[in-house]
Amino acid sequence: MPIPDFQTLMRPLLQHLSDGADHSNQETASVLADQFHLSEDERTQLLPSGKQSVFEMTPEEHIDYGYKQIRQKLSIEILDRIKKCPPDFFERLVVDLIVPCKHAVMLS
């Protein structure tokens, strides 16, 4: 089974924490990993940085990581589309981006 995404983990996470007791991150990660039948490889899979396990990230880290992935993919997609356009499109794009910046600088 692949590592569940943040949204899939949320309900089981909240259920685990609903007893009001203190739970360590390590204990919580272990309980959720067992519930999702994750293999040892999945439990220890590291982020591209090689510093942290994907499964043991905090919710904030998951959101930040997802945002960075989406932004990177979107940047690549936009650049690929621009590269396929004719040169006059690129020229208009640059002008359309620079003129508002120049106007904003002049107003400040």
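The values are calculated or read from the model by the stated rules, or taken from the named source; none is laboratory data. Nothing here was measured: the structure is a model prediction, and the numbers come from that model. Positions of Cβ are generated from backbone atoms using ideal geometry, with glycine treated the same way; all protein chains shown enter the neighbour counts.
Some values worked out for this structure:
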| read-out | value |
| --- | --- |
| Restricting the range 57-108 to residues that are within 30 Å of Gln26 (Cβ to Cβ) and among the acidic types (Asp, Glu), the residue that is modelled with the highest pLDDT | Asp64 |
| Matching entry among Ser39, Ser49, Ser53, Ser30 (being in the same structural domain as Met10 (by TED's automatic domain parsing), within 30 Å of Gln15 (Cα to Cα), within 16 Å of the chain's Cα centre (by Cα) and not hydrophobic (A, V, I, L, M, F, W, C)) | Ser53 |
| Test: residue in the range 57-65 that is surrounded by 12 or more Cβ atoms within 10 Å (Cβ to Cβ), more than 12 Å from the chain's Cα centre (by Cα) and either outside the structural domain of Gln26 (by TED's automatic domain parsing) or on the phi < 0 side of the Ramachandran plot (or both) | no |
| Pair list, Cβ under 6 Å, 6 or more apart: the range 20-36 residue free of Cβ contacts under 8 Å to residues at least 40 places away in the same chain, other residue surrounded by 11 or more Cβ atoms within 10 Å (Cβ to Cβ) and charged (D, E, K, R) | Ala29/Glu56; Ala33/Arg43 |
| Residue within the range 78-101 that is surrounded by 14 or more Cβ atoms within 10 Å (Cβ to Cβ) and assigned to a helix (DSSP H, G or I) present | no |
